[in-house]
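Engineer: There's a structure below that I have some questions on.
The values are calculated or read from the model by the stated rules, or taken from the named source; none is laboratory data. Just so it is clear, the structure is predicted and the values come from calculations on it, not from any experiment. All Cβ positions, glycine included, derive from the backbone under ideal geometry; neighbour counts span all protein chains shown.
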Amino acid sequence: MCDIQIIQVIGNNPDLSSITVYGTIEDCFANVEGQRLHVQVGCTPETIIGFNPQDEFLGTFVDADELFIDLDGNWYAVFNNPEICRCGRQIVVKVSCETNEDCVATLVVDSLPCVECPDIFNLSDVGDDVVPSPVPTCNPDGTATVTLTRQVENDTSMAVLFQIIPGHPDGVIEAGGTAAFSPGESGSVSATIRYPTLSTPQPYIVILDTAGEPLGCPPVPIEVAQMPSCCPDIEINSIEIRECLVIVKIEPTSLPEGCTFIWDFDADNPDSQQEYGDIGQRNHTYAQPGDYRIVVRVSCGECLNEAETEIEIRACQSDDDCSWWDPRCWDWCAILRVMLIVSMAAASFLWFVVACAPGGAALVKVAIAASAAAVVLVGVWWALCGDQCDWLLISWQVPLIIGIVALFLAPCSCTWLLWAGLGLVLLAMVDFFLWLDKCEPSRCKIVQELLFVFATGAVTALTSVANYAPCGNDTLADWVAYTAAALAAIEVIGCGED
């Protein structure tokens, strides 16, 4: 719910060079022009006794000249040359959210207080030499770091604290950022800030009292150029070759906004097609044996970093993907994945039978054993085999198989299994499309993995109809079997040419 609070209204310096209004805001969103708040102040030549904010104000309202809003919802509005306003006179403040006409706040201050504000200078303002603007430097992770410094002089009668605000939602102060000064003391306040590549920060300095509360002085903006395009350093972390299928992993595994990975799996071939993505893993299937040079680049605007390696493909089968049912493609990880999914399907089925089917209590020990096997296999898989695309793969296969089993057993006096099964199938669909988007499997790979799921589900359901759960939904079991048969036909007929 949108909420605006006006906390402080302060005149700056005895001659009222400016007025600063400080407050907080929640749940107010920017309009198409990027503006969130509209702040106005109004003054009258004379104080109106008993003025009600709901009454019509006959004075003159002026808009804020500068508006600062930080990440915590604190806002500062600055009014320069506030016309007929005077220290000690009445002032009315109106604040409204640009995207919510019902979200407004009004405050009447009968006597405008004024404070002395210390001076803040650019470095070039305090000497004859022109000091160059701070130059950002790129970091290995693709961010940019810049050090901001301003000279300050506390010519007031109180101790004050200067604080630099990054002025960007992802800006991080790595060093400095605050400095305290006693009355009459001068020096500098600086901060080393890390910003995202290509960002345009708008940092500024706020002046606080020794308790950390705003003094009422206007924030002072710090001019900073746009951050340069900085590409993170990359390196090829691992390469796994499964006959003609190559799995390449690189660091970092993800990129800052505005950056992309560019993959070239045959860099010496001028006709090679480059591939693009935003995660640090890519699978590629070669059409024939040979020596290949793999180049991975990361691009962020104008910058470009790359890493490369060379591999030898010794043998390639005619199919473009390794299949879970093809012994030529089996390795320990492939075998573990099949065992893991089958064990989880069996364990879930047995526990559902124990809970819902007549006489299911006799299978408790078997269910415990199957669950223990599944836990062990998950641990081994985690330690030896898990990569991002493989985890995305089993993240939809496991809930889909368990969901099919739950829907099959729903008629067995356990209607809650119907909702559990539908929820698991929905989760599987979400992860399935995420797998398609992130890992870009081939058409045959998709068919093969769906065939594995439906074949496992069909065997589980049809076996249970005959032996453990005759109360199950045999119509669903038949349709799962039909789907598996159709996928098998597509695999046999269509994938030889994929």
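Conditions (1) under 20 Å from residue 143 (Cα atoms); (2) of a type in the set (Gly, Ala, Ser); (3) assigned to a loop (DSSP other than H, G, I, E, B), marked per residue:
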{"residue": "157", "(1), (2), (3)": "no, yes, yes"}
{"residue": "174", "(1), (2), (3)": "yes, no, no"}
{"residue": "227", "(1), (2), (3)": "yes, no, yes"}
{"residue": "230", "(1), (2), (3)": "yes, no, yes"}
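Engineer: Something else now. Is it true that residue 58 is at pLDDT below 85, part of a loop (DSSP other than H, G, I, E, B) and closer than 29 Å to residue 209 by Cα? Quick ask: steps written out before the conclusion?
Structural biologist: Working: at pLDDT below 85: yes; part of a loop (DSSP other than H, G, I, E, B): yes; closer than 29 Å to residue 209 by Cα: no.
For residue 58, the condition - at pLDDT below 85, part of a loop (DSSP other than H, G, I, E, B) and closer than 29 Å to residue 209 by Cα - is not met.
Engineer: Right, another one. Would you confirm, using the coordinates I've provided, whether residue 460 is at pLDDT below 80, within 16 Å of residue 351 (Cα to Cα) and part of a helix (DSSP H, G or I)?
Structural biologist: For residue 460, the condition - at pLDDT below 80, within 16 Å of residue 351 (Cα to Cα) and part of a helix (DSSP H, G or I) - is met.
Engineer: Right, here's the next one. Identify the residue in segment 1-55 that is of a type in the set (Asp, Glu) and within 29 Å of residue 116 (Cβ to Cβ) and, among all such residues, is modelled with the lowest pLDDT. Explain how you work it out, then say what you get.
Structural biologist: Narrowing segment 1-55 to residues of a type in the set (Asp, Glu): 3, 15, 26-27, 33, 46, 55.
Applying the additional criterion that residues be within 29 Å of residue 116 (Cβ to Cβ) yields 15, 46.
On the way: 15: 80, 46: 64.
My answer is 46.
Engineer: Residues of segment 412-440 being surrounded by fewer than 18 Cβ atoms within 10 Å (Cβ to Cβ), in contact with a Leu (Cβ under 9 Å, 6 or more places away or on another chain) and touching a residue at least 40 places away in the same chain (Cβ under 8 Å), which ones?
Structural biologist: 434, 438
Engineer: List the number of the failed condition for residue 287; all other conditions in (1) at pLDDT below 85; (2) under 30 Å from residue 193 (Cβ atoms) hold.
Structural biologist: (2)
Engineer: Just one of 409, 418, 476, 450 is modelled with pLDDT of 70 or more and closer than 28 Å to residue 278 by Cβ; which is it?
Structural biologist: Exactly one of 409, 418, 476, 450 is modelled with pLDDT of 70 or more and closer than 28 Å to residue 278 by Cβ, namely 450.
Engineer: Moving on. Here are some conditions: (1) small (Gly, Ala, Ser); (2) surrounded by fewer than 22 Cβ atoms within 10 Å (Cβ to Cβ); (3) at pLDDT 75 or above. Residue 496 meets all but one. Which one does it not meet?
Structural biologist: Looking at each condition in turn, residue 496 falls short on (3).
Engineer: Sort out which residues of segment 8-26 are exposed (fewer than 14 other Cβ atoms within 10 Å of the Cβ) and either hydrophobic (A, V, I, L, M, F, W, C) or touching a residue at least 60 places away in the same chain (Cβ under 8 Å) (or both), and write them in order of number.
Structural biologist: 14
Engineer: Any residue at all in segment 298-312 that's of a type in the set (Val, Ile, Thr), modelled with pLDDT of 85 or more and under 23 Å from residue 437 (Cβ atoms)?
Structural biologist: Checking segment 298-312: at least one residue is of a type in the set (Val, Ile, Thr), modelled with pLDDT of 85 or more and under 23 Å from residue 437 (Cβ atoms).
Engineer: Suppose we keep only residues that are free of Cβ contacts under 8 Å to residues at least 24 places away in the same chain and closer than 20 Å to residue 175 by Cα within segment 131-162. Which one would you say is farthest from the chain's Cα centre (by Cα)?
Structural biologist: 135
Engineer: I'd like the residue in segment 414-456 that is polar (S, T, N, Q) and in a helix (DSSP H, G or I) and, out of all such residues, is nearest to residue 247 (Cα to Cα).
Structural biologist: Among those that are polar (S, T, N, Q) and in a helix (DSSP H, G or I), it is 448.
Engineer: Does segment 191-207 contain any residue that is among the small types (Gly, Ala, Ser) and modelled with pLDDT of 90 or more?
Structural biologist: Yes, the conditions are met somewhere in segment 191-207.
Engineer: A further question on this structure: Considering only segment 74-107, how many residues are farther than 25 Å from residue 207 by Cβ and outside any loop (DSSP other than H, G, I, E, B)?
Structural biologist: Looking only at that region, the number is 8.
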